[in-house]
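A short worksheet on the structure shown next.
The values are calculated or read from the model by the stated rules, or taken from the named source; none is laboratory data. Here the structure is a predicted model, which means the values were calculated and not measured. We place every Cβ from the backbone using ideal geometry, glycine too, and count neighbours over all the protein chains shown.
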Amino acid sequence: MCISLISSIRRTIVICSFPKIMASRQSSDMAKFREKLKSAKDVVILSGAGISAESGIPTFRGAGGYWRKYQAASLATPGAFRDSPSLVWEFYHYRREVAAKAEPNAGHKAIAQYEAKHGADKKVTVITQNVDGLHVRAGTKNLIELHGNLYKTRCTKCREVLVNNDSPICEALAGRGAPEENVRGSDIPVKSLPHCKKSGCGGLLRPHIVWFGENLDSAVLEKAQAAMHTCDVCLVVGTSSVVYPAAMFAPQAAERGAIVAEFNLEPTPATPDFHFYFEGPCGTTLPVALAD
Ligand SMILES: NC(=O)c1ccc[n+]([C@@H]2O[C@H](COP(=O)([O-])OP(=O)(O)OC[C@H]3O[C@@H](n4cnc5c(N)ncnc54)[C@H](O)[C@@H]3O)[C@@H](O)[C@H]2O)c1
Ligand SMILES: [Zn+2]
């Protein structure tokens, strides 16, 4: 078990496994899970990139994990932005445009409908690692975005955070961001990238995203941890469970006795820790799990 990382609030990729305590008791019995959910008073749904895969948004793992010749996760770092703000802005411009054209899928909608139906008699919280805004567009209200949002910018000088839905976000990025492997280099002068409009500032803007190696916002993290601490049922949807600190949330909840169900295309390092495991596209499995 990665003890040194348990208290870490940095967003880090760690491939390790938790103690395999649940494996022998694990179930894929949907009817049994729905019974548990019915009697729950406090439900958390923890989502990752997999829930948006059926909306056409690439995950960071698997075939879609590359943009040009780069591993997508390697561009989501402060070092990459320092080395080439132009390249990182092209990557985020591409991601903003893809997500803006995407629509929430049956998985996002099932979650929003579940909250609308049960939000009065249960506490329902959605915690997402996603930055694409699709949970909100599906109608989810009680949402914690752990890693920020593609449509927010932060000034590197005055730190102001603003919502920005412009397409393109600046003129120089129009027509840029092509993902094909053979596209070379990125040469937009820094002065032509998005800049802060606050008078007297003019700092370079960056996406308001928690990049790998950066700390999560402590207020956001505390809110998520509080929800994880009180939930009696947790659904873990479309996450590889290797990005910390989110990866430790559900195993910790299972360890203190919450019922945890995982929805994924394939097992993850955390699968053996959970009570239920439902394999398959979550656009198919979630509407069934959350139907009542
Ligand atoms: N949509 C987005 O906002 C987006 C996209 C890519 C990456 N990210 C970021 O990258 C990090 C990646 O970690 P992660 O764990 O969220 O994603 P990940 O890319 O590491 O893993 C995706 C997981 O989803 C599963 N999956 C894929 N399609 C699925 C489907 N249809 N149904 C169910 N499961 C499916 C995969 O098997 C995998 O386990 C996160 O921190 C996130 O912020 C976000
Ligand atoms: Zn500024």
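Quick check on ALA172: is it away from ligand 2 (no atom under 16 Å from the Cβ), in a helix (DSSP H, G or I), closer than 28 Å to GLN71 by Cβ and of a type in the set (A, V, I, L, M, F, W, C)?
yes
Restricting attention to segment 115-157, report how many residues are of a type in the set (D, E, K, R), touching a helix residue (DSSP H, G or I) at 6+ places or on another chain (Cβ under 8 Å) and within 16 Å of ligand 1 (Cβ to nearest atom).
The total comes to 3.
The set of residues from segment 153-174 being basic (Lys, Arg) and either touching a Lys or Arg at 6+ places or on another chain (Cβ under 6 Å) or assigned by TED's automatic domain parsing to the domain that holds ARG10 (or both) comprises just one member, ARG154. If you go through segment 57-108 and keep only what is within 15 Å of the chain's Cα centre (by Cα) and assigned to a loop (DSSP other than H, G, I, E, B), you end up with ILE57, PRO58, THR59, PHE60, ARG61, ALA76, PRO104.
Looking only at residues in segment 143-168 that are hydrophobic (A, V, I, L, M, F, W, C) and in contact with a Leu (Cβ under 8 Å, 6 or more places away or on another chain), the one that is farthest from ligand 2 (Cβ to nearest atom) is LEU146.
The set of residues from segment 241-290 being over 21 Å from HIS108 (Cβ atoms), among the hydrophobic types (A, V, I, L, M, F, W, C) and in a helix (DSSP H, G or I) comprises ALA247, MET248, ALA253, ALA254. Counting only residues that are in contact with a Cys (Cβ under 6 Å, 6 or more places away or on another chain) and surrounded by fewer than 20 Cβ atoms within 10 Å (Cβ to Cβ), segment 33-67 holds 1 of them. Residues that are crowded, with 19+ Cβ neighbours inside 10 Å and within 17 Å of ASP187 (Cβ to Cβ) within segment 68-86 comprise ARG68, LEU75, PHE81, PRO85, SER86, listed in sequence order. Of everything in segment 113-122 that's in contact with a strand residue (DSSP E or B) (Cβ under 9 Å, 6 or more places away or on another chain) and under 22 Å from ALA49 (Cβ atoms), which residue is farthest from ligand 2 (Cβ to nearest atom)? For segment 113-122, the residue satisfying everything is TYR114. Residues considered: LYS141, LYS41. Of these, the only one that is more than 23 Å from LEU173 (Cβ to Cβ) and without any contact (Cβ under 8 Å) to a residue 60 or more places away in the chain is LYS141.
One residue stands out in segment 123-142 among those that are assigned to a strand (DSSP E or B) and more than 15 Å from ALA110 (Cβ to Cβ): the one that is farthest from ligand 2 (Cβ to nearest atom), namely LYS123. If we scan segment 96-113, do we find a residue that is in the same structural domain as SER186 (by TED's automatic domain parsing), at positive phi and touching a residue at least 24 places away in the same chain (Cβ under 8 Å)? Scanning segment 96-113 turns up no residue that is in the same structural domain as SER186 (by TED's automatic domain parsing), at positive phi and touching a residue at least 24 places away in the same chain (Cβ under 8 Å).
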